[in-house]
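Take a look at the structure set out below.
The values are calculated or read from the model by the stated rules, or taken from the named source; none is laboratory data. Given the structure is predicted, the values throughout are model-derived calculations rather than measurements. For neighbour counting, all protein chains shown are included, and Cβ atoms are generated from backbone atoms with ideal geometry for every residue, glycine included. Protein only, heavy atoms only, side chains kept; ligands, DNA and RNA dropped before computing areas. Shrake-Rupley method; radii C 1.70, N 1.55, O 1.52, S 1.80 Å.
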Amino acid sequence: MRGQQAELVLWWLDRMVRADQQLRERITWFWHGHFATSSRKVKAASLMLGQNQTLRRLGLDTFPALARAMIIDPAMLVWLDGNDNTAKAPNENLSREFMELFTLGPGGYSEVDVKQAARALTGWRVTRTDGSPVLRPRLQDATSKHILGRDGDFDALSFVDLVIGQPACANFVISRVWFRLVSMTPPSAAAMARLRRAYGAQGDLRSLPAAIAKEPAFLDSASSMVKQPVEWAVGLMRALAVRPSELSDKQGRHLTASLRGMGQLPFLPPSVGGWPAGGGWLTTAAALSRVEAARLLAEQATLPADASRTPTRQRAEYVRRLLGIDRFSARSSAAISQVADRLTLAIAVAACTPEYIVSD
């Protein structure tokens, strides 16, 4: 299982680095943090891979389609105990987290709603043969439920339709996408109105990122965010033409160990709430792991043939352009200049500067 997990992590990192459609990979990564599911409990690489493929396939479709798929996703059923949810013993984990963390947010539902929704989600099982979801009618509660002010014989899919039809759902989803792609500061009322129009009645997940990219706050330097470790590493590997699939086994283990040290490894979110954001990534331990990863990747970089012939005094400028950084502060330039005679070390230092760690 550990071997499959390690292989799965490197596979996705490699896909992120190589992908021509970066938006789809970035949105897949977003949804992985939103519908956070960990292989630590799922313990099946095939189920985690299946969920990843679902997120990629539907991540730019509509939110209703994605939500309906996730409520009976096999990895999710195992992760939030939906696989053990029966009419005789309803389990509330999936119903609670689906409303609180995935669709409505805190305060958008009551404890009665949680209990009643748990009954609606009963009967789903992950098959042992191929890991697919299947409904077992004898385990399902087919009686009437009272959820979010409505009465009916709700099942898993009609429960999802009821929840995503709540006015709070659209605002919650838009705000979560904004939080991860733009800023920890919520969008203004005017911006939210524009994004609501793009999202529309159908929950259009392709139009939403396009609308966000047009917002003034998206390009405002005041909206800068600390890069998540995986985003940081993938961006660096793309800049340096490093392919995770081409690393040796030892180097691959080194890379994943460094990401783990920074606090973020694909398929291993710390909880159903996903990963932290912002300053939570700027710990001393994370900084040490980032340095280790930067040195590893800089040593594996595929650089132009004339890179090593760049005069030492121009190395800081060369590295700035290589990594796509607008400008270095005087302090960062001085740090890079101190190691300018060793190009790979200069690249590693530049990758750990605030100008590269923080995205504008």
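Sort 221-227, 302-308 by the packing proxy (mean of other Cβ within 10 Å over each peptide's residues), most packed first. Walk me through the numbers on the way to the answer.
On the way: 221-227: 14.3, 302-308: 10.9.
Packing order, densest peptide first, comes out as 221-227, 302-308.
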Seminar exercise, completed: For S333, the net charge from surrounding residues (Cβ-Cβ under 14 Å; K, R +1; D, E -1) works out to +3
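Could you state the per residue volume, in Å³, of the convex hull enclosing the Cα atoms of segment 82-133? Walk me through the intermediate numbers first.
Working: hull volume 3.7 nm³, N = 52.
Considering the Cα atoms of segment 82-133, their hull volume per residue is 72 Å³.
Please give the net charge around T302, taking every other residue with its beta carbon less than 14 angstrom from that of T302, where Lys and Arg add +1 and Asp and Glu add -1.
Values: positive: R18, R238, R243; negative: E246, E299, D306.
Counting the neighbours of T302, the net charge comes to 0.
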Seminar exercise, completed: Relative to the compact-globule estimate 2.2 N^0.38 Å (N residues), the Cα gyration radius of segment 211-335 stands at a ratio of 1.19
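So what is the diffusion coefficient of the chain in µm² per second by Stokes-Einstein at 20 °C and 1.002 mPa s, using a Kirkwood Rh over Cα pairs?
97 µm²/s
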For this session: Any aspartates and glutamates with Cα under 19 Å of the K214 Cα? List them, leaving off those in the same chain fewer than 8 positions away.
Result: D204, D360
For this session: May I ask for the Rg/Rh ratio of segment 39-97, computed from Cα atoms with Rh as the Kirkwood radius, given to two decimals?
Result: 1.00
Seminar exercise, completed: Probe 1.4 Å, all chains present, heavy atoms only: S46 accessible area in Å², nearest 10, is 80 Å²
Problem set entry | Computed [θ] at 222 nm, helices only, for the chain once each DSSP H run of length n ≥ 4 contributes -39500 (n - 2.57) | -16000 deg cm²/dmol
Problem set entry | Ranking by accessible area, most exposed first, for H32, H146 with a 1.4 Å probe | H146, H32
Exercise. Out of every Cα pair in segment 135-254, what percent are spaced more than 18 Å from each other?
Worked result: 67 percent
Seminar exercise, completed: Descending packing, highest mean Cβ count within 10 Å first, for 320-329, 179-188 is 179-188, 320-329
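Computing the accessible area with a 1.4 Å probe over protein heavy atoms, can you report the carbon and sulfur percentage for the chain?
Values: 8570 of 16660 Å².
Looking at the chain in its full context, I get 51 percent from C and S.
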Exercise. Just the projected area, averaged over all directions, of the convex hull on the alpha carbon atoms of segment 11-58: how many nm²?
Worked result: 3.3 nm²
For this session: Using all C-alpha to C-alpha distances in segment 311-360, build P(r) with 10 Å bins and read off the rounded percent in each one.
Result: 30, 63, 7
Problem set entry | For q = 0.11, 0.14, 0.17 Å⁻¹, Debye-computed log10 I/I(0) when each Cα of segment 43-143 counts as one equal scatterer | -0.33, -0.53, -0.78
Problem set entry | Area of E231 that stays accessible when all protein chains are in place (1.4 Å probe, Å², to 10) | 50 Å²
Exercise. Ignoring ligands and nucleic acids, what accessible area does M1 show with a 1.4 Å probe (Å², nearest 10)?
Worked result: 120 Å²
